[in-house]
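J.: Before we start, here is the structure in question, set down as structure tokens.
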Amino acid sequence: MASMSQLTMAMVTLYSGDPKRIQHFMKVYAFAKMIAEEEQLGAKQREIVEAAALVHDIGIHAAEKKYREIEGPPIARAMLMALDFSPALINRVCDMVAHHHSYDKIDEVDLQILIEADFMVNAYEDGLPKRNIKSFRDKIFRTETGIHYLNELFALEN
């Protein structure tokens, strides 16, 4: 079975010459990893969260022509299979890639964490106003750790 380091290297290679996207998935990975640890997810679920965070936007180059939720899962599946990840991890990660912008389809804490981590990074990168960030937090965020990090990052009041 491959490691997160090998998956990270494969993603860096895939996005060679695109430092903005590499930095994006690395930041999402860092936040997702920290939230998963603080929320005390089991080792298998943490591994799923970490892998999903690394590949969550894997279809973005193809999606610039279509939709990343459609294009991403097959690319992620091929990469994860080539790195010898388990079928269970691959299936869950591909489902998370397909739904990480579907806020009404959050079915497990792993997807919740990915969505929270991705939003934290996107809110900063897109320069969202605090009122929009606070509104999203109140509607979507559920983990104590994610709420804490978001509040601290953007100096939000409860």
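The values are calculated or read from the model by the stated rules, or taken from the named source; none is laboratory data. Fair warning: this is a prediction, and the values are worked out from it, not measured in the lab. Note: ideal-geometry Cβ built from the backbone for every residue, glycine included; neighbour counts use all protein chains shown. These accessible areas exclude ligands, DNA and RNA; they are computed on the full protein's heavy atoms, side chains included. Shrake-Rupley method; radii C 1.70, N 1.55, O 1.52, S 1.80 Å.
J.: Can you tell which of Gln40, Gln23, Gln6 is in a loop (DSSP other than H, G, I, E, B) and open to solvent by 60 Å² or more (accessible area, probe 1.4 Å)?
T.: Gln40
J.: I would also like to ask the following. I'm trying to understand the selection: among the residues of the stretch 38-56, which are in contact with a helix residue (DSSP H, G or I) (Cβ under 7 Å, 6 or more places away or on another chain) and of a type outside the set (Gly, Ala, Ser)? Even if it seems obvious, please write down each step before you answer.
T.: First, the residues of the stretch 38-56 that are in contact with a helix residue (DSSP H, G or I) (Cβ under 7 Å, 6 or more places away or on another chain): 38-39, 41, 45-56.
Within the stretch 38-56, Glu38, Glu39, Leu41, Gln45, Arg46, Glu47, Ile48, Val49, Glu50, Leu54, Val55, His56 meet the criteria.
J.: Here's another thing I want to ask about it. With the stretch 44-140 as the region, which helices (runs of 4 or more DSSP H) entirely inside it contain at least 2 residues that are modelled with pLDDT of 90 or more, open to solvent by 40 Å² or more (accessible area, probe 1.4 Å) and farther than 17 Å from Val28 by Cβ?
T.: Details: elements: 60-63, 68-82, 87-99, 109-125, 130-140.
Filter on the stretch 44-140 gives 68-82, 87-99, 130-140.
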